[in-house]
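See structure below.
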Amino acid sequence: AAVPIPTGLCRNLCHRHQLFVNFQDLGWHKWVIAPKGFMANYCHGDCPFTMTTYLNSSNYAFMQALMHMADPKVPKAVCIPTKLSPISMLYQDNDKNVILRHYEDMVVDECGC
Amino acid sequence: QTSEFQDYDFLQFLGLKKAPSPHRFQPVPRILRKIIRARETAAARGASQDLCYVKELGVRGNLLRLLPDQGFFLNTQKPSQDGSCLQKVLSFNLSAVKEKGKLTMAQLILHLGPRSYYYLQPELVVAVSVVQDSGVWGRSHPKPGRLLVQKSVRGPQGSLQFNLQGVVKDWNRHQLKNLDLYLEILVKEDRYSRVNAQLDNPCNQLMHSLHASLLVVTLNLKHCHPSSRKKR
C-alpha cells in the first residue's frame, strides 16, 4: 500500500516514498507472527543543483551536480537512503522452530542526494 | 507470477526454502512476544536500538530460536521410595543453528501444565543432565551423565526456565548437531505422602502436561560488532 505524501512537497524531487507491505495480503500472516507487515519505503526523485544546498545532501552531491551542469555527460547526483533502521521478525520455520531474528538496515527513514 | 517471485525471494532472505505450513506450529512463549513488542514500540518511537543485545535475557545475540523437544519418556510411575517420578530424554535438533556465530544462551523451558494440576502439588526436584554416550541408547537405557541443573521447585506453576551454561560451552566448542538431555523429576516424599495420597498419580498428570523446548540465542559477529568496539 502506498502511503500518500503531503501535496506541498514537489513530487519530482528526491524524497522518501512510503510503501507498506502487509503480510496478510501476501498470505504470510500464517507463519510470520510479528510484525503484521513492514515499511518497504524507497527513495526516488530528482537531485537538481538547487536542491543540493539543502535537504541533508552530501557535499559530494553538490560537486556532482556542479559537474553535471558543466558537462552533462557527468550524471546527476542520485537520491539514496541517508538513514536506515532495523526490524525484528518473529516467525515459524519448517522444522517447528519459532525464530526471532533482526534485520539491519531494513527500513528507509530518510533520503538525500 | 510477481507474487510467487516475491515469495521465493523473501523466503530465501529469511533463510527458508518454502513457506512453513501452519499445521505444525509451536506455541509462542511469552518472552518472545514480549521482546518483539518492545522492539516494535521502540521502532515506532524512532528510538535507536541495539538489536544485538537481548535486554530481556541479559545476553548479546541477534537471533533467538525456540527448538521443540523431540525426545521420549523413559518411564513414569507412582513416586518410588527415592521420590523418583518421571524420567524423560529431551532431544533438540541444533543443526537448525546453521549460521556462523556463537551461542550466547541455551535456556531449557519446561511447561508443567496448568496450575490446577498442582494444587497441593508436592515439592518437585528437577534434575537435568547430559545423556551419556547418547550414541548407544538405541541398545541400552540412556544414562544421565554430567549434571547440568538440579533445582527444588515448590508448588510449580506455568513454565520453569533453566539456563544451561554447560551446553553453551559445549556448542561453541563442538558445534553439536543434536543435544540430548536426561530429565528426571522427583517428588519430595515427605510432602507427597502426607498431603496428596488421595490425588491420583501426579506423575501421570505430569507426563501428560509436560512440554519442553530449548531457547537458543546466537550472535552473528558479521552483523553485530563486538560490544567493546561499540563502547570505544
- Only one of (1) at the interface with another protein chain (Cβ under 10 Å from one of its Cβ atoms); (2) of a type outside the set (S, T, N, Q); (3) on the phi < 0 side of the Ramachandran plot is not met by residue A:96, so which one is it? (3)
- Query: Just checking, how many residues over the range A:62-108 are over 30 Å from residue B:20 (Cβ atoms) and either touching a residue at least 24 places away in the same chain (Cβ under 8 Å) or not basic (Lys, Arg) (or both)?
  - Reply: 21
- Number of the exception - residue A:70 against (1) of a type outside the set (S, T, N, Q); (2) away from every other protein chain (no Cβ under 14 Å); (3) crowded, with 19+ Cβ neighbours inside 10 Å: (3)
- What strands (runs of 3 or more DSSP E), lying completely within the range A:7-46, carry at least 2 residues that are in contact with a Phe, Trp or Tyr (Cβ under 8 Å, 6 or more places away or on another chain) and within 14 Å of chain B (Cβ to nearest Cβ)? A:15-22, A:32-34, A:37-39
- Task: Any residue in the range B:33-54 that's free of Cβ contacts under 8 Å to residues at least 12 places away in the same chain and more than 8 Å from chain A (Cβ to nearest Cβ): show its pairings with residues that are part of a loop (DSSP other than H, G, I, E, B) and not basic (Lys, Arg) at Cβ separation under 8 Å, as long as the two are six or more apart or on different chains.
- Result: B:42/B:49
- Task: Any chance you could count how many residues in the range B:161-187 are buried (at least 16 other Cβ atoms within 10 Å of the Cβ) and not small (Gly, Ala, Ser)?
- Result: 17
- So residue A:59 clears everything in (1) facing chain B (nearest Cβ under 10 Å); (2) on the phi < 0 side of the Ramachandran plot; (3) free of Cβ contacts under 8 Å to residues at least 24 places away in the same chain; (4) not aromatic (Phe, Trp, Tyr) except one condition, right? Which one? (1)
- Do the conditions hold for residue B:82, that is, is it within 19 Å of residue B:129 (Cβ to Cβ), modelled with pLDDT under 90 and acidic (Asp, Glu)? yes
- Failed condition for residue B:98, given (1) buried (at least 17 other Cβ atoms within 10 Å of the Cβ); (2) modelled with pLDDT under 85: (1)
- Query: Given the residues A:79, A:111, which is the only one that is modelled with pLDDT of 90 or more and in contact with a Lys or Arg (Cβ under 6 Å, 6 or more places away or on another chain)?
  - Reply: A:111
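The values are calculated or read from the model by the stated rules, or taken from the named source; none is laboratory data. Keep in mind that this is a model prediction, so the values were computed, not measured. Virtual Cβ from ideal backbone geometry, glycine too; neighbours counted across all protein chains shown.
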